[in-house]
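These notes concern the structure reproduced below.
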Amino acid sequence: MIAATLVDESSLNYRGWRVVLACFLMAFFMFGFGLYGQGVYLAELQRAHGWPGTLVSAASTFSFLLTSVLVIFTDDLLARIGLRSLILCGLVALGASTVLLALMQTTWQLYLAYALMSVGWTGMGTVVIATVLNSWFERRRGLALSLAFNGATCGGIILVPLLLSLTGSIGFRSAMLAATLAMMVLVLPVVVIFMDWPAGMSLASKGRASGGSGAAPGQSRKALLANAAFWTMVLPIAIAVLAQMGFIVHQVSFLEPLIGRSAAGLAVTVMAAMAVVGRLSLGLFVDRLDPRLACAASMTSQSAALFVLLQSTNPTVLLLCCAVYGFSIGNMITFPPLIIQREIGASAFAAAMGLGTSISGIVSAFGPGIVGLVRSFTGNYTTAFAMCVVLDLVAACMVLWRPGRRAKVVAS
């Protein structure tokens with residue numbers, strides 16, 4: 001049993017909530033700079049250097065794929081250099097990446113900046129956040145994850161508009177340098193002061209009680225690949241996120257001809273805001289739910305929202321559909337750690353999170369391209385988004401399959 005079970009997790013004096021704050025800030029800047037900000041970089045680097053969009057887009061793809069490889073080894077890094085050191089390495093790498101984006105002059109610097117961003121993802125991304133919060137919380141784990149991962153959505157809602165505003169007033173270079181300085185001032189002291197394992201946990205155990213047994217990281221990954229329960233969690237999440245990424249990237253292009261540019265922009269804002277609401281709402285009671293059932297319900301609600309979206313041209317209905325869709329967006333990264341903790345356990349938690357995040361990242365990276373390809377073949381988004389509806393329903397059915405439970409029933 002982890003140390004968190006010996007204290008009152010509902011008390012605001014519990015140190016774990018300070019760790020949640022640190023994780024919130026990490027997610028805020030990591031997702032703000034590393035995901036949502038990439039649209040800003042694309043436009044500004046094209047404007048400043050005359051580079052083609054395909055060059056910058058290829059660098060983004062390179063970064064996402066490299067991240068998907070590096071996160072596999074998160075558990076090894078936690079064991080070798082420790083939690084705080086790994087986060088600080090990620091913070092320094094992300095800061096170096098954003099400074100280089102501001103100052104770069106040549107294309108090799110572009111790819112170096114995006115490679116450094118991948119290192120940032122490894123030290124400050126979802127795997128590290130989920131692993132450390134898993135060690136601090138038992139009864140309130142779902143709420144802690146929801147609050148921390150809300151930093152990701154807030155990064156898109158706050159940091160990106162702020163970058164755009166600063167770019168318009170002081171220029172892209174100064175805007176990036178100012179935002180990087182703000183990140184260091186806010187995140188560095190919080191990580192140094194608050195970020196650590198709970199008392200009684202060793203750095204090498206990554207969430208196991210000191211002295212507990214567990215497989216070595218490499219052996220854990222090998223065992224995970226042969227674990228049917230692991231695959232019935234990873235594959236449906238990967239499929240759902242693939243459909244989700246495809247819709248998000250093409251959302252404005254689909255809505256603009258129907259309701260206009262400003263209303264399409266409002267739909268994006270509503271969807272992002274509802275993602276925050278969805279995480280907070282679910283976080284209040286997700287610890288009392290079966291995470292697989294809740295995950296399937298979220299996927300089904302997204303498929304229903306997309307289905308209705310395809311049937312209507314009414315602006316109010318379209319905005320409502322985007323709101324319903326957004327309610328479940330953020331929870332797709334909340335469910336995996338909850339399922340892993342219940343079904344795989346703490347001994348291989350970091351390994352399972354790293355491997356699962358890698359597989360999901362690689363699969364979902366093709367979402368925007370697949371939707372775009374289907375759209376180009378058919379001439380509209382109807383077939384492409386209908387495909388996303390089907391993928392969500394398939395994923396919902398897959399995540400309900402519990403091979404481990406069936407095996408226990410047969411064995412008994």
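For segment 88-193, the helices (runs of 4 or more DSSP H) that sit wholly inside it and include 2 or more residues that are open to solvent by less than 10 Å² (accessible area, probe 1.4 Å) and not acidic (D, E) are 107-124, 126-136, 141-154. When the residues of segment 298-330 are filtered to those that are under 25 Å from G151 (Cβ atoms) and in contact (Cβ under 8 Å) with a residue 60 or more places away in the chain, the one that is surrounded by the fewest Cβ atoms within 10 Å (Cβ to Cβ) is I329.
Please go through segment 258-284 and pick out each residue that is within 14 Å of T334 (Cβ to Cβ) and free of Cβ contacts under 8 Å to residues at least 60 places away in the same chain. Listed by number, the residues that qualify are V277, G278, S281. Within segment 368-385, the set of residues being open to solvent by less than 60 Å² (accessible area, probe 1.4 Å), in contact with a Phe, Trp or Tyr (Cβ under 8 Å, 6 or more places away or on another chain) and closer than 28 Å to S68 by Cα comprises V371, F385. Residues that are small (G, A, S) and over 25 Å from R15 (Cα atoms) occur at least once in segment 97-111.
Counting only helices (runs of 4 or more DSSP H) wholly contained in segment 343-405, no element carries 2 or more residues that are among the aromatic types (F, W, Y) and without any contact (Cβ under 8 Å) to a residue 60 or more places away in the chain.
Okay, residues lined up against (1) in contact (Cβ under 8 Å) with a residue 40 or more places away in the chain; (2) basic (K, R); (3) more than 25 Å from V277 (Cα to Cα); (4) in contact with a Ser or Thr (Cβ under 6 Å, 6 or more places away or on another chain):
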position: T107; (1), (2), (3), (4): yes, no, yes, no
position: L112; (1), (2), (3), (4): no, no, yes, no
position: T122; (1), (2), (3), (4): yes, no, yes, no
position: G125; (1), (2), (3), (4): yes, no, no, no
position: T131; (1), (2), (3), (4): yes, no, no, no
position: R141; (1), (2), (3), (4): yes, yes, no, no
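Applying the criterion of being modelled with pLDDT under 85 and more than 11 Å from T74 (Cα to Cα) to the residues of segment 344-359, the residue that is surrounded by the fewest Cβ atoms within 10 Å (Cβ to Cβ) is G345. The set of residues in segment 75-87 that are modelled with pLDDT of 90 or more, open to solvent by 10 Å² or more (accessible area, probe 1.4 Å), of a type in the set (A, V, I, L, M) and out of contact with any Leu (no Cβ under 6 Å at 6 or more places or on another chain) contains only I81.
Filtered by the rule that a residue be closer than 20 Å to M233 by Cβ and of a type in the set (K, R), segment 351-402 gives a lone residue, R402. From (1) out of contact with any Phe, Trp or Tyr (no Cβ under 9 Å at 6 or more places or on another chain); (2) touching a residue at least 24 places away in the same chain (Cβ under 8 Å); (3) among the small types (G, A, S); (4) over 19 Å from L177 (Cβ atoms), pick out the condition that doesn't hold for G32. (4) is the only condition that G32 fails.
How about segment 194-208: which of its residues are in a helix (DSSP H, G or I), at pLDDT below 60 and not small (G, A, S)?
Step one: filter segment 194-208 for residues in a helix (DSSP H, G or I), giving 194, 203-205.
Retained after the next criterion (residues that are at pLDDT below 60): 203-205.
Matches in segment 194-208: L203 only.
So which of L235, L258 ends up being more than 19 Å from V394 (Cα to Cα) and open to solvent by 10 Å² or more (accessible area, probe 1.4 Å)?
Working: L235 fails: more than 19 Å from V394 (Cα to Cα).
Just a single option satisfies the conditions, and that option is L258.
The values are calculated or read from the model by the stated rules, or taken from the named source; none is laboratory data. Given the structure is predicted, the values throughout are model-derived calculations rather than measurements. Virtual Cβ from ideal backbone geometry, glycine too; neighbours counted across all protein chains shown. Keep in mind that these areas ignore ligands, DNA and RNA; they rest on the heavy atoms of the full protein, side chains included. Shrake-Rupley method; radii C 1.70, N 1.55, O 1.52, S 1.80 Å.
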